[in-house]
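Presented below is the structure to which this report refers.
The values are calculated or read from the model by the stated rules, or taken from the named source; none is laboratory data. Bear in mind the structure is a predicted one, so any value in this text is a computation, not a measurement. Note that each Cβ is placed from the backbone with ideal geometry, even for glycine, and that neighbours are counted across all protein chains shown.
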Amino acid sequence: MNNIQNTIDLLLQYLTKQIGYKIIIDEEYFKEFPDFYYLIYNTEDYLINKNISNALVGNFPVIIKKTKEEFYTLIYDEDTISLTFEEVLNLPFEDILKLNILQKFDLD
């Protein structure tokens, strides 16, 4: 978990810098799957203090591939995919990649 914690810390620092608010993980939506981690984030002010004025809108879930620690946003559209969201998340990472619903990004 220590290695993934370092990776998540880098992700949160990157998002905080990009967005301009302190970003944290919504622990309710942090899940580990065999091939990847899935998480949702928002501002600390919203998740801790419930200040809806600082809630992020339109942020996509992040998937972190375990083997290379690559970052992807999950852009799920139920109108173009015949699988439910839960079915998608239970697929192996390579099968999710084939659905063309992941957008890779770097922390640069």
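Where residues in the range 9-23 are within 15 Å of the chain's Cα centre (by Cα) and among the hydroxyl-bearing types (Ser, Thr, Tyr), which of them is farthest from Leu107 (Cα to Cα)? Across the range 9-23, the extreme among qualifying residues is Thr16.
Pairing residues of the range 71-98 that are in contact (Cβ under 8 Å) with a residue 24 or more places away in the chain and under 22 Å from Ile4 (Cβ atoms) with residues that are among the polar types (S, T, N, Q) and surrounded by fewer than 11 Cβ atoms within 10 Å (Cβ to Cβ), at Cβ distances under 9 Å and at least 6 apart in sequence or on separate chains, gives Phe93/Thr67.
Where helices (runs of 4 or more DSSP H) fall wholly inside the range 1-89, the ranges with 3 or more residues that are touching a Lys or Arg at 6+ places or on another chain (Cβ under 9 Å) and more than 16 Å from Ile101 (Cβ to Cβ) are 2-19. Ile8 - would you say it is modelled with pLDDT of 90 or more, surrounded by 16 or more Cβ atoms within 10 Å (Cβ to Cβ) and in contact with a Leu (Cβ under 8 Å, 6 or more places away or on another chain)? Yes; evaluated as a whole, the condition is true for this residue. For the range 39-84, a residue qualifies if it is among the aromatic types (Phe, Trp, Tyr) and either under 14 Å from the mean Cα position of the chain (by Cα) or exposed (fewer than 11 other Cβ atoms within 10 Å of the Cβ) (or both), and the qualifying residues are Tyr41, Phe60, Phe71, Tyr72, Tyr76. Whenever a residue of the range 35-60 is free of Cβ contacts under 8 Å to residues at least 60 places away in the same chain, its partners that are in a loop (DSSP other than H, G, I, E, B) and among the β-branched types (Val, Ile, Thr), lying with C-beta atoms within less than 7 angstrom and at least six residues away or across chains, give the pairs Phe60/Ile75. Comparison of Asp26, Asp35, Asp45 shows that the only residue that is among the acidic types (Asp, Glu), closer than 24 Å to Phe93 by Cα and at pLDDT 95 or above is Asp26.
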